[in-house]
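For reference, the structure is listed below as C-alpha cells.
Since every read-out is calculated from the coordinates, none of them should be taken as a lab result. Worth saying up front: this structure is predicted, and the values here are computed from it rather than measured. Ideal geometry is used to build each Cβ from the backbone, glycine not excepted, and the neighbour counts take in all protein chains shown.
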C-alpha cells in the first residue's frame, strides 16, 4: 500500500519529464528552422481539426492542423504537418516554410517569433515544474506520515 504513494507520483514525474523533453525538442527544432535562413514556398495541402475532451463536464479542446509541401533548394519534395497554425490558412494557400538543411522535414510555417516561442515553452516548463514540485511534496508528506504511523 505504501508503495502506491511513491510509485504514482514517480510515474507522474516521468510523464512530465517526457512532456518537458518534447516541448524543448520542438522549440529547438523551430528555432533551428528559423535560424537556418532557408525558406521555400510551401503549399497547404490539407487542413483538419482534432478534438479532445468533452467527456462528462470536461471542456472540449480543438486543435487546427495544416499539412504543407515544399521543395528544398536541392530539389527534394518535403511534406510536413504542423499544429496550431493560423485559421486563415486554407487548402491551396501558399505560405513561407522555414527549414534547416539537415532536417527539412522539421520545417515550420510559423513566422519567426522567438519571444513568443520562448514564452510558450517557458510557460509549459513552469507548469511542468509545478507538477513535479507537487509530486515531490506529496512523496515527502506521505513518507513523513508513514514514519509517524509506523512509530
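Structure notes:
- Compared with the dominant Cα axis of the chain, that is its longest principal axis, helix 2-36 is turned about 20°.
- Reciprocal of mean inverse Cα separation for the stretch 28-67 (Kirkwood radius, Å): 13.2
- Label point of residue 17 set 7 angstrom out along Cα-Cβ; within the stretch 117-151, no amide nitrogen lies under 11 Å from it.
- Ellipticity at 222 nm from helices only: DSSP H runs of n ≥ 4 in the chain, each -39500 (n - 2.57), divided by the residue count, give -17500 deg cm²/dmol.
- Take the Cα of residue 4, go 7 Å toward its beta carbon, and the backbone nitrogen atoms of the stretch 110-138 under 19 Å from that spot belong to 135-136, 138.
- For 64, 18, the sequence from fewest to most other C-beta atoms within 10 Å is 18, 64.
- Pairwise FRET efficiency - residue 143 versus residue 65, Cβ, R0 = 35 Å, nearest 0.05: 0.20
- Here, P(r) means the percent of Cα pairs in each 10 Å bin from 0 to the largest distance; for the chain it is 10, 27, 28, 18, 11, 6, 2, 0.
- Taking 57, 93, 147 and counting other C-beta atoms within 10 Å, the order from fewest to most: 57, 147, 93
- Helix 114-150 and the longest principal axis of the Cα set of the chain meet at an angle near 20°.
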